1. Looking at segment 46-84, which of its residues are among the charged types (D, E, K, R) and either surrounded by 20 or more Cβ atoms within 10 Å (Cβ to Cβ) or closer than 16 Å to R138 by Cα (or both)?
2. Of the conditions (1) part of a loop (DSSP other than H, G, I, E, B); (2) closer than 30 Å to K31 by Cα, F140 satisfies every one except a single condition; which number is it?
3. I need the full set of residues from segment 180-205 which are modelled with pLDDT of 95 or more, more than 15 Å from V75 (Cβ to Cβ), buried (at least 24 other Cβ atoms within 10 Å of the Cβ) and of a type in the set (V, I, T), in order please.
4. Name the single residue that is surrounded by the most Cβ atoms within 10 Å (Cβ to Cβ) among those in segment 86-126 being in a loop (DSSP other than H, G, I, E, B) and of a type in the set (S, T, Y).
5. Please enumerate the residues belonging to segment 168-179 that are part of a loop (DSSP other than H, G, I, E, B) and either more than 14 Å from G118 (Cα to Cα) or at pLDDT below 95 (or both).
6. Looking only at helices (runs of 4 or more DSSP H) that fall completely inside segment 239-355, which ones have 3 or more residues that are β-branched (V, I, T) and over 13 Å from the mean Cα position of the chain (by Cα)?
7. Could you tell me how many of the residues in segment 200-229 are over 18 Å from K142 (Cβ atoms), within 23 Å of the chain's Cα centre (by Cα) and assigned to a helix (DSSP H, G or I)?
8. Which residue, of I129, I133, is touching a residue at least 60 places away in the same chain (Cβ under 8 Å) and either surrounded by fewer than 23 Cβ atoms within 10 Å (Cβ to Cβ) or not charged (D, E, K, R) (or both)?
Amino acid sequence: MECLERHILDKLSVHEPDKEIYRKVLKNWDKIAKPIDGLGKFETIIAQIGAILGTDNIDISKKAVIIMCADNGIVEENISQSSQEVTKAVAQQMAKGASSVGKMAAVIGADTIPIDIGINSKEQISGLINKKIRCGTRNFYKEEAMTQEEAIKAILTGVEIVKDCKQKGYNILAMGEMGIGNTSTSSAITAAILKCRAEEVTGRGAGLCDSKLQRKKQVITESIEKYRLYDAEPLTVLAAVGGLDIAGLTGVCIGGGMYNIPVVLDGVISMTAALLAEKLVPGTVKYLIPSHKGKEKAVRKLMNALNLEPVIDADMALGEGTGAVMMLSLLDMAMCVYRGNLFSDINVKQYERYL
């Protein structure tokens with residue numbers, strides 16, 4: 001089964017977004033009654049969205065945020081301020097639309113799609129889509145977090161969720177996660193794939209004291225050495241020290257490329273998933289839109305590796321997809337300008353582009 005699943009993963013591919021549409025959207029921006037490049041990066045982001053959707057008549061009105069919820073066995077190592085019970089408690093609030101991301105999404109008319117991909121509970125939580133691979137990962141300090149088969153199943157689950165969203169008419173997706181311990185998994189993956197020291201990419205997560213932060217760095221460093229991850233393939237890294245939420249989000253990124261849907265990233269967890277997705281299926285990054293920089297140390301390394309520059313810089317660390325939802329609201333505002341008055345509508349001469 002593992003060989004079969006890996007064969008399926010190896011067959012996944014994405015095509016480059018439509019360059020002609022990209023150029024056409026930029027020309028459309030110049031016709032709109034505003035200064036040249038007046039909306040800065042938002043003009044190129046909207047052009048990217050048009051290229052992904054394959055049209056300059058852009059519509060991103062039907063949107064959703066996909067939230068992967070999973071537990072991480074590494075919390076046994078005293079690297080988190082909270083216990084695993086918090087994952088389930090917050091996921092229950094997500095199912096009711098009562099968590100931070102649910103409230104924010106409601107303001108902008110975005111649907112929330114919370115997924116149980118690995119919560120450490122056998123309870124079926126009403127309102128969560130049950131895609132559980134297993135009840136949380138193993139403690140990667142003692143043994144590999146999951147098998148490669150489990151990691152691949154989680155990735156393919158993310159791809160299938162995007163396919164389903166495409167069939168339901170969603171034209172832009174955001175993504176987030178919930179899982180105590182996942183800044184440890186994301187830091188470990190980032191350090192291994194980018195071949196840097198744990199100290200360079202490991203932060204305080206939800207708020208660690210100095211002693212727990214030191215323990216977190218130690219656990220990540222020793223685990224990378226234990227599994228020889230600096231020389232390992234991305235899938236091996238994911239299975240050894242990753243999380244089911246990250247694996248699922250990796251699939252969401254890949255699914256965006258496969259089904260021509262722009263995907264808005266959140267913070268460090270989803271950017272780690274983006275790094276994995278790009279390594280596994282090259283070209284995926286062109287379908288991804290960064291949202292915010294966040295406080296975690298790994299974000300800067302990930303930004304550079306992916307060549308992505310988030311527009312929101314507010315030291316956020318809330319998670320759940322809240323930064324991505326904020327970005328959706330900004331994209332809505334940019335779109336209202338894109339659909340606004342042309343110079344020809346107001347009898348004003350169009351600005352000329354000289355550079």
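The values are calculated or read from the model by the stated rules, or taken from the named source; none is laboratory data. Keep in mind that this is a model prediction, so the values were computed, not measured. Cβ: placed from backbone, ideal geometry, glycine included. Neighbour counts: every protein chain shown.
1. Matches in segment 46-84: D56, K63, D71, E76, E77.
2. (2)
3. Hits for segment 180-205 are I189, T190.
4. So, considering only residues that are in a loop (DSSP other than H, G, I, E, B) and of a type in the set (S, T, Y), the one surrounded by the most Cβ atoms within 10 Å (Cβ to Cβ) is S99.
5. Passing the criteria: K168, G169, Y170, N171.
6. none
7. Number of matching residues: 2.
8. I133
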